[in-house]
Amino acid sequence: MKRRTKRSHRPAPIADASAVSVYSLDMVVELTGLPAPSILHFAQLGLVSPSTGKKGDHRFDDDALRTLRRIHWLSARYGMNLPSVKLTIGLLEERERLEAALRALR
């Protein structure tokens, strides 16, 4: 019986190592499994906020990548529509902020 190994390979970020990791749209498509038009649509809706490179291309950081993975998971797993996904992601982010504030107080 073959054992499945978890892939730990992560493509190298576009930006230099001292900066925040930044990924091209093509890399984000590969990492999330979402099609490029959907990712750009999510950006238009304000679910993610990509930066713009010198050539006008979209650049995504680790937070945007995490959010896109959550969008994909919530819609695939629970069949959520985009307004529900947006609300759920907002609640998850608020919970994370509150947990961080609580940890800081301890």
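For the range 22-105, rounded, prolate or oblate, judged on the Cα gyration tensor with a ≥ b ≥ c (square roots of eigenvalues), a/c < 1.5 rounded, else prolate if a/b > b/c?
Values: a/c = 2.15, a/b = 1.34, b/c = 1.60.
Oblate shape, in that a/c is at least 1.5 and b/c is the bigger or equal ratio.
Taking amide H atoms as placed 1.01 Å from N in the peptide plane, list the residues 5 or more away in sequence, or in a different chain, whose amide H sits under 5 Å from that of VAL22.
Residues meeting the criterion, in which the H sits 1.01 Å from N, are ILE14, ALA15.
Can you sort THR52, THR88 so the residue with the fewest Cβ neighbours within 10 Å comes first?
Working: THR52 9, THR88 15.
Listing THR52, THR88 from fewest to most nearby Cβ atoms yields THR52, THR88.
Quick one: which residues, 5 or more positions from MET80 or on another chain, have an amide H under 5 Å from its amide H? H modelled 1.01 Å from N in the peptide plane, none for Pro or chain starts.
SER75
Give me a comma-separated list of calculated 3J(HN,Hα) values for the range 56-72, in order, Karplus coefficients 6.51, -1.76, 1.60 applied at θ = phi - 60°, integers in Hz, x for any Gly or Pro.
3J(HN,Hα) across the range 56-72, in whole Hz: x, 7, 7, 10, 10, 9, 4, 5, 5, 4, 4, 5, 5, 5, 5, 4, 4.
I want to check the label-to-label distance for GLU94 and HIS41. Put each point 7 Å from Cα in the C-beta direction and report it in nm to one decimal.
Using points 7 Å along Cα→Cβ, the separation is 2.7 nm.
Using the Karplus curve 6.51 cos²θ - 1.76 cosθ + 1.60 with θ = phi - 60°, work out ³J(HN,Hα) for each residue of the range 97-106 in order, rounded to whole Hz, and write x for Gly and Pro.
With the stated coefficients, the range 97-106 comes to 5, 5, 5, 5, 5, 5, 4, 5, 7, 7 Hz.
Each reported figure results from applying straightforward, stated rules to the coordinates on display, with no laboratory input. Computed from a predicted model, the values in this text were never measured in an experiment. Reconstructed Cβ throughout: ideal geometry from the backbone, glycine too, with neighbour counts over all protein chains shown.
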